[in-house]
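The values are calculated or read from the model by the stated rules, or taken from the named source; none is laboratory data. On a predicted model such as this, the values are computed, not experimentally measured, just so you know. Methodologically, a virtual Cβ is constructed for each residue, glycine included, from the backbone with ideal geometry; neighbour enumeration extends over all protein chains shown.
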Amino acid sequence: MISHSTWTGLVGAARADITPSVGIFCRNWGAAVHDTAQGIHRPLFLTAIAIQENPSELPLVLVDLDLGWWGSLTYERAFRQRITSSLGLPAERFLWCVTHTHAAPPLSQPEPQWPGGDILSAYLVTLEQVVIETARKAIAAVEPATIDWHHGRCALATNRDLPDPSRRTAQPPGAPRIVCGYNPAIPADDTLVVGRVTAASGRTVATLTNYACHPTTLAWDCDLVSPDFVGAMRETIQEGTGGAPAIFLQGASGELSPRYQYVGDPAVADAHGRELGHAALATIFAMEPSGQNLVYDRVVESGAPLATWRRETKASNRLSGSLAAMRHTVTIPLKDWPPAAELATQFAACSDRAMAERLRRKLRIREALGDGAGFPIEIWGWRLGEALVLGTLAEAYSCIQQNVRAAFPDREVVWLNLVNGCLGYLPPAAMYDVDLYQVWQTPFDRGSLELVEQAAIALGHELLATSS
């Protein structure tokens, strides 16, 4: 029998345009010479999806935003708390994710030196209200629907940990600097997980595409606001599904990005998006009709003995499963970074534009973490019938999603990077022995990824042990 991870209940979706004004502060690259957005490539969107077992229970609400990352953990937590309070939701029933485009305004209060900071400040006030309003619209729009999951493949993502070719002979053997760009020698996780939301009438309500790839097509030469490849991906999927909102959920992309990137040409981002969009559509079209299994039928004797299969309606106890939402924390070790006051002094004295940006980000991370030796990182989990949604705020390497999926071979597992906050990378322990951006950028010490992975698997098992 061929069957997809499935859940049936009430689902609603809503969308809002969150494109900012030209002139907003929009500098995300140390190498950029511009500070503000000079135009719009494609609009940015916010999409909300609400999920309920029945009308009497509180919904699960997922909000996806075409934005980059949160510059301050403290700011994000206060922002999210106001939203969940307005919606009347416990923290674990609300997940918001950023697509991680690097061509959108930052999610943090503007700093005094930022041109266009006044526009950014007003934008963030409006964004909060739009999140609340769109989530409420999604909750109000719930209707009987089924979520079916399936997995496919897409070759857009490639490994981006490349031994520096220019320094190969200048370093001691075995210790090259690792630069952030396409490494054709290491295969990438190309797994694509797609969720299809189908109304009882057969209409597609929404699609969800979970894929791990940094939206870093557009870089320092691009002065346009852009969702990067996510915009064309969304457009492509929607054209093939009757206009149903297409949602992109960023996977464990710590070391993954397009092979051709860091350009100023939006057409390249659009080509990447179409590649991913068509792969998602191929995955959707490979699925059985909603609510049906493919089962072996019989042998028909012809010129050859022919094995025939047929489609049958799933039993009702397989269509509806448990909805559950949980969060766990696991304390992971922190590096011995300088205190915030020392970093602030270094930042104030730095005149190099790129290095100052590194110091500013490091300072904001240190301010959020405090001075302890460990950090209680949150792991978020939902059970949607036969499928699991798991994730954390860090930028984990793809091995975490591979290992978590291997722990649940009979389930579709959606892994979310950058969910409910953003704070540092999670590289594998072995990577701490090399000169690597993701290692020196992160405040988390060796072994942190492995601790999060173990806790995520434990959370998945706990979610599956729940019952409606």
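Under 7 Å by Cβ, and 6 or more places apart or on different chains, what pairs join a residue from segment 161-183 that is on the phi < 0 side of the Ramachandran plot with one that is among the polar types (S, T, N, Q) and modelled with pLDDT under 90?
R177/Q171
Take segment 299-316 and flag every residue that is at pLDDT below 95 and hydroxyl-bearing (S, T, Y).
T313, S316
Could you list, in sequence order, all residues of segment 26-40 that are surrounded by fewer than 23 Cβ atoms within 10 Å (Cβ to Cβ), of a type outside the set (S, T, N, Q) and in contact with a Pro (Cβ under 7 Å, 6 or more places away or on another chain)?
Answer for segment 26-40, where residues must be surrounded by fewer than 23 Cβ atoms within 10 Å (Cβ to Cβ), of a type outside the set (S, T, N, Q) and in contact with a Pro (Cβ under 7 Å, 6 or more places away or on another chain): just D35.
Being at pLDDT below 95 and either basic (K, R) or within 29 Å of R167 (Cα to Cα) (or both) is the filter; apply it to segment 440-468 and report the residue that is surrounded by the fewest Cβ atoms within 10 Å (Cβ to Cβ).
W440
Check E235, E239 and return the single one that is surrounded by fewer than 24 Cβ atoms within 10 Å (Cβ to Cβ), in contact with a strand residue (DSSP E or B) (Cβ under 9 Å, 6 or more places away or on another chain) and not in a loop (DSSP other than H, G, I, E, B).
E235
Restricting attention to segment 421-439, which residues are out of contact with any Phe, Trp or Tyr (no Cβ under 6 Å at 6 or more places or on another chain), buried (at least 23 other Cβ atoms within 10 Å of the Cβ) and outside any strand (DSSP E or B)?
Residue satisfying the conditions is L423 alone.
Looking only at segment 208-227, count every residue that is crowded, with 22+ Cβ neighbours inside 10 Å, out of contact with any Lys or Arg (no Cβ under 9 Å at 6 or more places or on another chain) and part of a loop (DSSP other than H, G, I, E, B) and tell me the total.
The number of residues fulfilling the criteria is 5.
Select, from L449, L459, L464, the only residue that is in contact (Cβ under 8 Å) with a residue 24 or more places away in the chain and farther than 27 Å from A78 by Cα.
So the residue among L449, L459, L464 that is in contact (Cβ under 8 Å) with a residue 24 or more places away in the chain and farther than 27 Å from A78 by Cα is L464.
Taking segment 153-163 only, how many residues are in a strand (DSSP E or B) and under 14 Å from A188 (Cα atoms)?
Residues flagged as in a strand (DSSP E or B) and under 14 Å from A188 (Cα atoms) within segment 153-163 amount to 6.
Taking the criterion of being in a strand (DSSP E or B), at pLDDT 95 or above and either over 22 Å from the mean Cα position of the chain (by Cα) or charged (D, E, K, R) (or both), would at least one residue in segment 354-375 satisfy it?
The answer is no; no qualifying residue exists.
Can you tell me which residues in segment 1-28 are within 15 Å of W220 (Cα to Cα) and in a loop (DSSP other than H, G, I, E, B)?
Scanning segment 1-28 gives C26, R27, N28.
Among the numbered criteria (1) surrounded by 18 or more Cβ atoms within 10 Å (Cβ to Cβ); (2) outside any helix (DSSP H, G or I); (3) among the β-branched types (V, I, T), which single criterion is violated by V404?
(2)
Taking segment 288-304 only, how many residues are without any contact (Cβ under 8 Å) to a residue 12 or more places away in the chain and either among the hydrophobic types (A, V, I, L, M, F, W, C) or under 18 Å from I2 (Cα atoms) (or both)?
Total meeting the criteria: 4.
Hey, can you tell me all the residues within segment 53-100 that are in a loop (DSSP other than H, G, I, E, B), polar (S, T, N, Q), over 25 Å from A324 (Cβ atoms) and at pLDDT below 95?
Within segment 53-100, just S72 meets the criteria.
Restricting attention to segment 106-125, and to residues there that are in a helix (DSSP H, G or I) and free of Cβ contacts under 8 Å to residues at least 12 places away in the same chain, which single residue is nearest to A32 (Cα to Cα)?
Out of the qualifying residues, it is D118.
Tell me, yes or no, whether segment 85-92 has at least one residue that is surrounded by fewer than 21 Cβ atoms within 10 Å (Cβ to Cβ), closer than 23 Å to E235 by Cβ, within 20 Å of the chain's Cα centre (by Cα) and not small (G, A, S).
Checked against the condition, which is being surrounded by fewer than 21 Cβ atoms within 10 Å (Cβ to Cβ), closer than 23 Å to E235 by Cβ, within 20 Å of the chain's Cα centre (by Cα) and not small (G, A, S), segment 85-92 yields no hits at all.
Hey, could you check segment 127-152 for residues that are in contact with a helix residue (DSSP H, G or I) (Cβ under 9 Å, 6 or more places away or on another chain), of a type in the set (V, I, T) and part of a helix (DSSP H, G or I) and say which is surrounded by the fewest Cβ atoms within 10 Å (Cβ to Cβ)?
For segment 127-152, the residue satisfying everything is I132.
Could you identify the single residue in A31, A103 that is in a loop (DSSP other than H, G, I, E, B) and within 20 Å of the chain's Cα centre (by Cα)?
From the options A31, A103, the qualifying one is A103.
The conditions are (1) of a type outside the set (G, A, S); (2) touching a residue at least 60 places away in the same chain (Cβ under 8 Å); (3) surrounded by 18 or more Cβ atoms within 10 Å (Cβ to Cβ), and T74 fails exactly one of them. Which is it?
Against the list (1) of a type outside the set (G, A, S); (2) touching a residue at least 60 places away in the same chain (Cβ under 8 Å); (3) surrounded by 18 or more Cβ atoms within 10 Å (Cβ to Cβ), T74 comes up short only on (3).
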